[in-house]
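Take a look at the structure below.
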Amino acid sequence: MELPKWAGKCPGCGQWNTIQEEIRKPAGADRRSPVTSRAEVRTLQEIHPEGEVRDHTGLRELDRVLGGGIVRGALMLIGGDPGIGKSTLLLQICGRLDPSRKILYVSGEESERQIKLRAERLQVRGEGLSLLSETNLENVVDAVHAVSPDVLIVDSIQTLYHGDVTAA
């Protein structure tokens, strides 16, 4: 018998202190990382950041906030209240990045047509820009593997879901 919370008396047999707690690991919890080497502790002076490549967004103030541009391989979360222009800002970045960069813009809130209309209004040509209107994470991952973008934009992350995960 499973109980959702602690109980001193078993509702099945009526006996006290016969219930035993059993901790279950979530699905996939036994999976180990394929990395076999151990992490090495180093001092701050031993770490050399040379080779850091930043892409300028073409938006001076945004580049300043980002410390000089977008760091390749980094993840950035742009947040704020609904309607303040996050999607517009992301599309402007797409239009100002190097046109040789492949960009995949995934939208969970707007259709490709809506994004196209905004792009036209902002005069974003969209060379190298691909659009996907999708909320299923597995489909997004498949698209990322198919397109192999240099830049992935997910607008917005909270709209994504995974079929195996029931919680938000």
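Read-outs throughout are calculated quantities, based only on the coordinates presented, and are distinct from any laboratory measurement. As the structure is a prediction and not an experimental result, all values here were calculated from the model. Glycine also receives a Cβ, built like all others from the backbone with ideal geometry; neighbour counts cover every protein chain displayed.
For the chain, the 222 nm mean residue ellipticity estimated from helices alone, with every DSSP H stretch of n ≥ 4 adding -39500 (n - 2.57) and the total spread over all residues, rounds to -6500 deg cm²/dmol.
Taking the Cα centre of the chain as origin, work out the dipole magnitude from +1 charges on Lys and Arg Cβ and -1 charges on Asp and Glu Cβ, in debye rounded to 20. Walk me through the numbers on the way to the answer.
Numbers: 21 positive and 24 negative charges, 33 e Å.
Rounded to the nearest 20 debye, it is 160 debye.
For Val154, the residues whose modelled amide H falls within less than 5 Å of its own, excluding neighbours fewer than 5 places apart on the same chain, are Val106. Electrostatic bookkeeping for Glu110 treats Lys and Arg as +1 and Asp and Glu as -1; over the other residues with beta carbon under 12 Å from its beta carbon, the sum is 0.
Site pair Glu22 and His48 shows an inter-label distance of 5.6 nm when each label is modelled 7 Å from Cα along Cα→Cβ. Available extension along the chain between Glu109 and Gln15 is 28.5 nm, counting 0.36 nm per residue and deducting the alpha carbon span. With the highest mean first, a sort of the peptides 46-52, 63-69, 87-93, 16-22 on other beta-carbon atoms found within 10 angstrom per residue produces 87-93, 63-69, 16-22, 46-52. Relative contact order of the stretch 1-138, taken over Cα pairs closer than 8 Å and 6 or more residues apart, is 15 percent.
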